[in-house]
Amino acid sequence: MMIAYPAGDICCELKENKILTLVIENQHVFYSIISDIQTQLDGNSGEFVLSENYTPLDMRKNTELISQLIPFTVNQKDLVTKLYGYIKKKAVNENMYQPTQELIAKISDYLYQLTEDEENELIVTVPEDISGILKAFDLRFDDNDMSLSEKLLEYMISSNEFKAKKLFIVINLRSYLTDNQAEQLFKSVLLKKLQLICIESAEHKRLGNEEVIIIDNDMCVI
């Protein structure tokens, strides 16, 4: 996989054993690149190019931009929606169809018993699937005791699985993690064969599993 941004004279290949970090010291270029990525994720055209085998990829289908790290939760709305969709399909497969129908029938019977002696006219609508049950029990990813780096890793793994995202771009990650935390996160990301680009506004200590490209204030690529 490769990225290119002609306006910043950036063109590089993402390596399997390194996390790519773009340090953009020029504020205008920093803003322009992030804005360009977000513009494409919103469905518009842009100059930042993501490609594989020299074929441009649709940014919306393949890329996740993470610009807010505080607060950060694994339970992003679109990811939880994908989780629910997956569980709903699993609930009607050959192994779970009968237990699912039995559960819905038991809940329906319970509600009928609970309301049958009421003087008011009441109705119980039997659901077509288990969506309501999932929401009632607040099914979600458990990230309560996770550090920021653990949340990010869990989010990337889950997004890759449920949303088929190939590339994650995180803004100013190193400002929130110690060097050791960042190195351990990068190690885990590489082991899981995830693709990650860090875009930083300032240079930090270079890590062993990191490739750093710097665009300085004069827009020179170092």
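The values are calculated or read from the model by the stated rules, or taken from the named source; none is laboratory data. Since the model is a prediction, treat every value here as computed from it, not as a measurement. Because the Cβ atoms are built from the backbone with ideal geometry, glycine has one as well, and the counts that use them run over all protein chains shown.
Can you spot a residue in segment 127-148 that is under 18 Å from residue 67 (Cβ atoms) and surrounded by 11 or more Cβ atoms within 10 Å (Cβ to Cβ)? Taking every residue of segment 127-148 in turn, at least one turns out to be under 18 Å from residue 67 (Cβ atoms) and surrounded by 11 or more Cβ atoms within 10 Å (Cβ to Cβ).
Within segment 24-60, can you find the residues that are among the polar types (S, T, N, Q), touching a helix residue (DSSP H, G or I) at 6+ places or on another chain (Cβ under 9 Å) and loosely packed, with under 11 Cβ neighbours inside 10 Å? Correct list: 45 only. In segment 1-30, the residues that are within 11 Å of residue 195 (Cα to Cα) form no Cβ pair under 8 Å with any partner that is of a type outside the set (A, V, I, L, M, F, W, C) and part of a helix (DSSP H, G or I), whether six or more places apart or across chains. Only one of the numbered conditions (1) within 15 Å of the chain's Cα centre (by Cα); (2) in contact (Cβ under 8 Å) with a residue 12 or more places away in the chain is violated by residue 150, and that is (2). Which of the residues belonging to segment 165-211 are touching a residue at least 12 places away in the same chain (Cβ under 8 Å), within 17 Å of residue 148 (Cα to Cα) and in a loop (DSSP other than H, G, I, E, B)? Within segment 165-211, 172, 176, 177 qualify.
Residue 85 meets all of the listed conditions (1) in a helix (DSSP H, G or I); (2) touching a Phe, Trp or Tyr at 6+ places or on another chain (Cβ under 9 Å); (3) buried (at least 17 other Cβ atoms within 10 Å of the Cβ); (4) not aliphatic (A, V, I, L, M) but one, namely (3).
Among the residues of segment 162-176, at least one is loosely packed, with under 14 Cβ neighbours inside 10 Å, under 26 Å from residue 14 (Cβ atoms) and modelled with pLDDT under 95. Look at (1) without any contact (Cβ under 8 Å) to a residue 40 or more places away in the chain; (2) within 22 Å of residue 85 (Cα to Cα) and you find that residue 122 fails only one, number (2).
Each row is one residue, and each column tells you yes or no for (1) under 34 Å from the mean Cα position of the chain (by Cα); (2) of a type outside the set (A, V, I, L, M); (3) at pLDDT 90 or above; (4) more than 30 Å from residue 162 (Cα to Cα).
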| position | (1), (2), (3), (4) |
| --- | --- |
| 76 | yes, yes, yes, no |
| 93 | yes, yes, yes, no |
| 96 | yes, no, yes, no |
| 115 | no, yes, no, yes |
| 123 | no, no, no, yes |
| 129 | yes, yes, no, no |
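Taken over segment 1-12, residues that are farther than 23 Å from residue 217 by Cα and either in a strand (DSSP E or B) or modelled with pLDDT of 95 or more (or both) amount to 1. Considered as a group, the residues in segment 53-82 that are in a loop (DSSP other than H, G, I, E, B) and of a type in the set (A, V, I, L, M, F, W, C) include one that is farthest from residue 145 (Cα to Cα), and that residue is 57.
For segment 61-82, a residue qualifies if it is surrounded by 14 or more Cβ atoms within 10 Å (Cβ to Cβ) and more than 16 Å from residue 154 (Cα to Cα), and the qualifying residues are 62, 63. Residue by residue through segment 120-160, note down the ones that are among the small types (Gly, Ala, Ser), out of contact with any Asp or Glu (no Cβ under 7 Å at 6 or more places or on another chain) and outside any loop (DSSP other than H, G, I, E, B). Those that are among the small types (Gly, Ala, Ser), out of contact with any Asp or Glu (no Cβ under 7 Å at 6 or more places or on another chain) and outside any loop (DSSP other than H, G, I, E, B): 131, 132, 136, 149, 158.
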